1. Give the calculated FRET efficiency between Arg80 and Ala139 to the nearest 0.05, with a Förster radius of 30 Å applied to their Cβ-Cβ distance.
2. Could you list, bin by bin from short to long, the percent of Cα-Cα pairs of the stretch 397-501 in 5 Å steps?
3. How many Å² of accessible area per residue for the chain, probe 1.4 Å?
4. Using a Debye calculation, one point per C-alpha and no hydration shell, please list log10 I(q)/I(0) for the chain at q = 0.09 Å⁻¹ in order.
5. Which order do Thr61, Thr220 take when ranked by solvent-accessible area (1.4 Å probe, heavy atoms of all protein chains), largest first?
6. What does the highest-first list of 136-146, 317-327, 448-458 look like by mean Cβ count within 10 Å?
7. If you stretched the chain out fully between Thr272 and Glu397, how much longer would it get, using 0.36 nm times the residue separation minus the C-alpha to C-alpha distance?
8. Mind grabbing the accessible area of Tyr40 for me, 1.4 Å probe, Å², rounded to tens?
Amino acid sequence: MSRHIFAAAAVICATAAPVEAQTLQQRYDAAEAALAAGEYEKASTLFADVLARMGKTQRGTPAEADLRQRLGEMDIALGRLERGLATLAPVIAIYEKAKATSALVDAHGLIGRAHEKLGEMRQAAESYQAAFDLNTDPAKIQTLSIPLARALVFTDAARARRMADAMLKDFRPGEDKRRSGELLGEFQMLRGRVELNAGNHKEALEWFKTAAKSAGGIGTRVSLSDIAIRSDLALASFLTGDLDKAFYYIAMTGAGRMGGKGPQFPDGSALTLPDCSPAFNLGPDDLVVLDIALSDDGRVLSAAPVYSSKPGEIEAVFVKAARSWLWSAEEMQKTEPFWRISTRVAVRCTFNTERRWIGDAFMRELVGETKAQTVSFGPLAGKADTETLRRELARLEAATGSDSPALVPVLTRLAEKDDEGVYVERARQIMEASDLSARRRAILDALIARNRVQRGGEALQRQPDASWPSDVADWFRVEQALELEKRRRSDRAESLYAEVFRRGDPKTDTLAQFAALRLASIAYDRKAQEQASGFLAATGLRPDQCALLDAAPIGRNNWVTADDYPQAAVNWGAEGYIVMGYDIAVDGKVKTPRVVFAYPPFVFEDTMEAVVGRWRFKPIYREGEQIGCTGARQTFRFFIPGKS
């Protein structure tokens, strides 16, 4: 859109308010200058301000539509896709009324781009098709054909095939032979993706081989086109069952190495994956492969579907999830933009069981309900690593202040590996300054004692303080018993659970209910079926409800060693990040192990499915059920010593 369009609109304003018109023009010029300088956020703010100040006489005119289109373009560039679509909503009707055909073509194309970035391929195809049909400029045909064919890959394979064939037929090489070869390779790659998503994986593989040859072959030189084509070769090889070739092609993209900087992995606490749900026609075997681009602050700028096991149906769900992921800002700032914008991942859905931590209510009481809204207690319940806890501490400090009670739970977890006592002393100082009640002091003491219990030693024998309220003492007993179970001392754990169970009503008291569930599993483990049934019946819970309250599964031989690192990955210097999903049968055996997130794809899957498949857990009693726990997840990071 050119500046003279708004300049003409400003003249309309001048007849009613010349001073305001001049101010609007100046702000519009400032917005254009910011845009030219690449200051998109500033440009967006200025365009929005001009739109808000427009006179009534300009509302509903092409002047408003032009400005909305400019603002929508900024929103889409900044990743604010829903906001961009809302900004652009009135534009089509305005241009249609004004019979502004050229502007309509641009507007439909922009709306299609937003839908494509959201993974909404059917809506994207409709908008791109509208732009294509309205166009009368021969010079724009190829420009409009490419995004339309890209969207049709997922919605209408026959039409996508015809369009890609037409583009290849009309292709004419330019003077720059290298760039011409890459462009031809990109068209051939698009043609291959039609077959890939149509289920014709062998045909797709041949197209990708042709594309690689056109782009200059497979060597040590790597461009964005090279990475995309080789990644597609790896995907097609994987889908045709040639895992050795898949590994080779992935290695030749540089994936898992980030240009020699070492792997940059996502923040596991922010790695939300879609729910396997009939509502989304999404099952555990469904797979979506995404190309994601990362900003220097670790946010996902875009997530483009490459392959979908159900084209046109499930891509948007995965793209929505991907847009919430985070990488380390510190590490991303060290990584060259080239590698940040060419990251490919393979993703599946999970059975997300939001298991409630038994200490959650006490933590909320400790930090106060207003602060508790800011705290995520999930990392506190499990084995969060020190780096994750430090990031959580930094986030909370920024959100609530350096002396906020909301920091206390994270500080006490960090204290587990702090022999000097710095973190626990800081936690005490914060709470002392918070006018600590006797009950909250008891909760803090129990929390610190609980964390010491997890380190083992004498703390496993500690008795609750006589001054603690009875429910706080029972919480400590339950946490102590859990740690004893993990250390295969179920006899001592059973006596602690029994003490808690006797004191409360397992139908209304959460701690007694939790104790009953653990007693049921312990009884089942020693073949006392009738006793196990009695404990479970006492809770009044259904098996699926038990999974929400029960402890996380307790492992018995969950080991991974250096021998499990694929030798081929070592040879190629590939490192990676895998999230495994699996179910656990009532007898403690792992069922259906599968990779739900992989970077890079296809390198570590087979190895880790075999490793997790041999794991065993303590039996989990569920009356009349075959599965004791669904949706279990485990993250693995693969590093080569001395490399990263």
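1. 0.45
2. For the stretch 397-501, the pair-distance distribution reads 2, 13, 21, 20, 19, 12, 8, 3, 1.
3. With the other protein chains kept in place, the chain gives 45 Å² per residue.
4. Values returned for q = 0.09 Å⁻¹ are -0.90.
5. Thr220, Thr61
6. Sorting 136-146, 317-327, 448-458 by mean packing, highest first, produces 317-327, 448-458, 136-146.
7. 42.7 nm
8. Near enough 100 Å² of accessible area.
The values are calculated or read from the model by the stated rules, or taken from the named source; none is laboratory data. These numbers come from a predicted model, not from an experiment. Cβ sites come from the backbone with ideal geometry, for glycine too, and all protein chains shown count toward neighbours. These area figures cover heavy atoms from the full protein model, side chains too; ligands, DNA and RNA do not enter into them. Shrake-Rupley method; radii C 1.70, N 1.55, O 1.52, S 1.80 Å.
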